[in-house]
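Trainee: My structure is below; once you've seen it, I'll send some questions.
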Amino acid sequence: MLRARGLSCLVVAGSLGIALGAALADPAGALVRHEASRMSMGCAYAIIAYGRDGAALPGIVDTAFDEVDRIDRLMSHYKPESALSRLNRDAAGAPVTVDPELFGLIAESLRYSRESDGAFDITVGPLMKAWGFFRGGGRIPGSDELADLRRRVGYTHVVLDASQKTIRFDRPGVELDLGGIAKGYAVDRVVGLLREHHVVAALVSAGGSTVFGLGAPPGQTGWEVGVQDPVDPAAVAFNVRLKDRALSISGSYEKSFEKDGVTYSHIMDPRAARPVQGVSSVAVLAPSGTAGDALDDAFFVQGVERSRSYLKRLPGTEAFFFLPSPRRRWTLVHLHGPTHFTAGRSTTP
């Protein structure tokens, strides 16, 4: 049976005791607070925002949610009418002209694939279906099916023409799934919109899996967010403060099924065509939601040692690996790239 668990990131401070949709002034009287949420892209997007125009703030937040809905209509592989679904249907037959925004995100996704040696790969669509994670209950493909999948999965099968904004697949059966990056991209689009409307501070959450802290709430140095314990869903492993950066988490507990005593998660190693084993979750602090969303999967697949090398090329990025431990709930390994930010964490394994 397929299991899905709660949010990976838990907001520890900033929303306690405040009803959704309420607009409240801060103690100094200079800013107004508004908080709201909306279901989109298969999860609950939530925004806590502070601004100086209390009358305009609810409308600004609604416009931000409309932007998430627009991105979902463009990039969803669940919606047959989306531009991504059309691309998946037609690109093996001939080059498909793609919306510049979608083309740009696919090009950026392929860059992460190249830099991670294929650990992050948006061609995992057929894998997610074969293993039962696409509207299914979980299954183990046979050896012949896995061999066929390996021939159809791999970012090198996606051919881009930047001058014409076209994309084609070099063989039938290739299928793109932007689930590993689109939510983080939507968070960045929302943050950009809030900045354009002069929102002073905001916390933007894509179902908890990617959270961006814009500025800081009144009287604080940043937005305090808790990272979920991968073993106990009600517990917080440690806290981080976000100020103009993102926290993204990929966890094996989010979607999984068990067969013959082995747990299989939805996080795939595209090169092996199998779910990753030996990692419970990975939390990433990054300059943007797009980067964090892609990198948490890439690090999860690469593991600690290969991620150590990758991080040397990623300024302002940190990774926290939760690894299974026979004597404790988990073991934590913390890595960081150049220009290290202090996470302000405390751990209790």
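The values are calculated or read from the model by the stated rules, or taken from the named source; none is laboratory data. Because the structure is predicted, anything quoted here is derived from the model rather than measured. No Cβ is skipped: glycine too gets one built from the backbone with ideal geometry, and neighbour counts run over all protein chains shown.
Yes or no, residue by residue, for (1) surrounded by 19 or more Cβ atoms within 10 Å (Cβ to Cβ); (2) modelled with pLDDT under 95; (3) touching a helix residue (DSSP H, G or I) at 6+ places or on another chain (Cβ under 8 Å):
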residue: 48; (1), (2), (3): yes, no, no
residue: 56; (1), (2), (3): no, no, no
residue: 59; (1), (2), (3): no, no, no
residue: 86; (1), (2), (3): no, no, no
residue: 89; (1), (2), (3): no, no, no
residue: 104; (1), (2), (3): no, no, no
residue: 120; (1), (2), (3): yes, no, yes
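Trainee: Whether any residue in region 192-209 is at pLDDT below 90 and buried (at least 24 other Cβ atoms within 10 Å of the Cβ) is what I want to check.
Mentor: Checked region 192-209: no residue is at pLDDT below 90 and buried (at least 24 other Cβ atoms within 10 Å of the Cβ).
Trainee: Could I ask something else about it? One residue is enough: does region 273-289 have a residue meeting the conditions surrounded by fewer than 19 Cβ atoms within 10 Å (Cβ to Cβ), among the charged types (D, E, K, R), in contact with a strand residue (DSSP E or B) (Cβ under 9 Å, 6 or more places away or on another chain) and under 21 Å from residue 109 (Cα atoms)?
Mentor: Yes.
Trainee: Considering only residues that are farther than 21 Å from residue 270 by Cα and in contact with a strand residue (DSSP E or B) (Cβ under 6 Å, 6 or more places away or on another chain), which ones fall in region 303-318?
Mentor: Selection gives 317, 318.
Trainee: Among the residues of region 261-271, is any over 15 Å from residue 120 (Cβ atoms) and either buried (at least 16 other Cβ atoms within 10 Å of the Cβ) or touching a helix residue (DSSP H, G or I) at 6+ places or on another chain (Cβ under 6 Å) (or both)?
Mentor: Yes; the residues of region 261-271 include at least one that is over 15 Å from residue 120 (Cβ atoms) and either buried (at least 16 other Cβ atoms within 10 Å of the Cβ) or touching a helix residue (DSSP H, G or I) at 6+ places or on another chain (Cβ under 6 Å) (or both).
Trainee: Ok, one more. What about residue 97, is it among the β-branched types (Val, Ile, Thr), surrounded by fewer than 17 Cβ atoms within 10 Å (Cβ to Cβ) and not assigned by TED's automatic domain parsing to the domain that holds residue 41?
Mentor: In short, yes.
Trainee: Which residue out of 106, 48 is assigned by TED's automatic domain parsing to the domain that holds residue 191 and aliphatic (A, V, I, L, M)?
Mentor: 48
Trainee: Regarding region 327-336, can at least one residue be identified that is modelled with pLDDT under 90, in a strand (DSSP E or B) and more than 18 Å from residue 177 (Cα to Cα)?
Mentor: So far as region 327-336 goes, no, none of its residues is modelled with pLDDT under 90, in a strand (DSSP E or B) and more than 18 Å from residue 177 (Cα to Cα).
Trainee: How about region 160-177: which of its residues are under 24 Å from the mean Cα position of the chain (by Cα) and either of a type in the set (A, V, I, L, M) or part of a helix (DSSP H, G or I) (or both)?
Mentor: 160, 167, 174, 176
Trainee: Out of everything in region 307-336 that is touching a residue at least 40 places away in the same chain (Cβ under 8 Å) and under 26 Å from residue 188 (Cβ atoms), what residue ends up being surrounded by the fewest Cβ atoms within 10 Å (Cβ to Cβ)?
Mentor: Ranking the qualifying residues of region 307-336, first place goes to 313.
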